[in-house]
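Before any comments, here is the structure.
Here, each number is a calculation from the coordinates, and none is a lab measurement. Nothing here was measured: the structure is a model prediction, and the numbers come from that model. Cβ placement follows ideal geometry from the backbone for every residue including glycine, while neighbour counts extend to all protein chains displayed.
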Amino acid sequence: MQLSRHRGQGQRRGLGKGHGTGSTEIGSSVVVAPLYDLPLDEFGVSIGWDLLNNKPARDMWDFRTIPNNTGTVHQVPSQKTFAQALLDVVRGDIIEVEAGTTHTGNFQLDIKTGTGWIIVRSSAHASLPALGSRVTTAHTANMFTLRSTSVNGRALQMQASSSHWRFIGAIFTNESGSNNADAIISSTPGLGGWSTKAAAPNNFVFDRCIIKEQATGGQRRGWTPAGVNLAAYGCRFGGFNDAGLSDSQCVGTWVYCSRLHLENCYLGYATEHIIFGGSAPATLDGSNDDTWPRDIVVHRCEFQSDGSTTQSRKNLFEIKNAERGVLANCVFRGFRRAPASTHDLILNFGCQENNAAFADFVHCRHWTVRGNLLYDCIGDIFSCFGNNGTPVNDTSHHLELSYNYTWGHPGGSTIDGFCRFSHRASYEIAIFNNTAIDLPHTTIEFGNDGPVFGTYQDPFGSEFSRRIYNNAFAYNSQFGWFAYQTSLNTKYGTNNWHVSHNSSIDSVNEDITIQPGGTPDNTGTNATLGSVADFKFTDPTNDDYSLQVDSPLVGTALGGGNRGGHWETFQANIAGVETG
């Protein structure tokens, strides 16, 4: 489906140009191999997920199947209270809670005997959207509510080594009128996280649930996940923008968290909707290694801010310390920069240990950002930085930005660019087959915050450490390709960067050949066009960026394909993501 020009309202119009072909799947979406196969670097080397077993994230564990439990069904409240049901239940049982009821407390999930899963479901679960669909506020009559009881209380707390719980059709919220600086759902014992892997919770699924703050009470976070095999599937998060807090999140974690899936979720109205890393937790099993989040999939999710220019906000999606992740087929919209703030980034990838003792163990690395839509936003689209003040290994690396589309960024801002990279936080970067329209500033910028490493040496020995190719940047940029007037050869080494087969509108100050300095790879295959019309998109007025058959982008990419994104595949993969 295609998006209308009523971008601020997120309305849709018409049908897209058809589904892609092929059989490779991420979840239930239609995808085309190899464009959306997860993930390889540009030399065919796996950079993702379970490196020991070489498994892609979608094969690691099954959160999409509801267990067929045959144990006792505990009826709440007709037979017992919700608190009593939590005490009585064993694995393989079902707790069925009457739809429309509210249960107030700081509920704890303990270790249970038996085998299999514990299902906690609404009595009207059959009336919820089908498995794999997203719940909305229209379904609340078919759900039950768990509400915290106190200031800074948690509605749900996962205890040490607790495991195998699945919630279906629950609403989690805070006590009305309380200013809650904690999380509504917490998988951690506190800010320090778990001290051992054995103590961390495992196998938890929130299936078609709503996690929200009360309208009359402040709430800092929705869910702080920790542990192994955790998922929010078809859920709705919203209302985490406490006026007294500068960093509230729908989902936020900075501790040991492995194999986390956020799939087909709505995340709205928070200062920063998602954050992974950014604080120094306690060591895990006596070691600093494996301490931060890893093996993360955020897939087919919708991120929305309210468009306000007065509410506090920082980022829509922020990675400070996390590795092996995929952000795919998501929609980001309505972001506005925070008042009097420099935190105005839509996708922010960085490295912030906050403790030099961790510098050798964790970074923002091995992330694939593929097939996403970003529109009606103000701020830099992608940013990559390093800022903990420790230059050794203070890096973010192995990042892929591919097949993304972005358009319709109003306001005429002078700082809205496509990609901005800190020079010391940008090795092994691949930026290819993206399409960007209507951005007023820099296309690709490698910053002048150094040199920290001196003449750049690629630690992975790859032919090119920065690869920028097959992109279509259709806007009148104030700057083109920009490196703070420092030769990229001098900054990164003669053969450590590669720019080819891109198409761009000629900019005011610099063009696509990158001035000054460059290698022969950066000339001859790039093209500057005079206007958006010269790209020959089918109907840009109505946000149809498929290509006419005579477009100069057709058949001229590195590898013989088209420059820019893969429109039909992109449309198929984001169909149904945006619901508001």
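Brief remarks on what is shown
- Peptide packing: for 287-300, 84-97, 253-266, the average count of neighbouring Cβ atoms within 10 Å per residue gives the ranking 253-266, 287-300, 84-97, highest mean first.
- Span from the region 253-332 Cα centroid across to the region 133-154 one, whole angstrom: 21
- Exceeding the 23 Å Cα-Cα cut-off - candidates 112/320; 80/112; 112/197: 112/320
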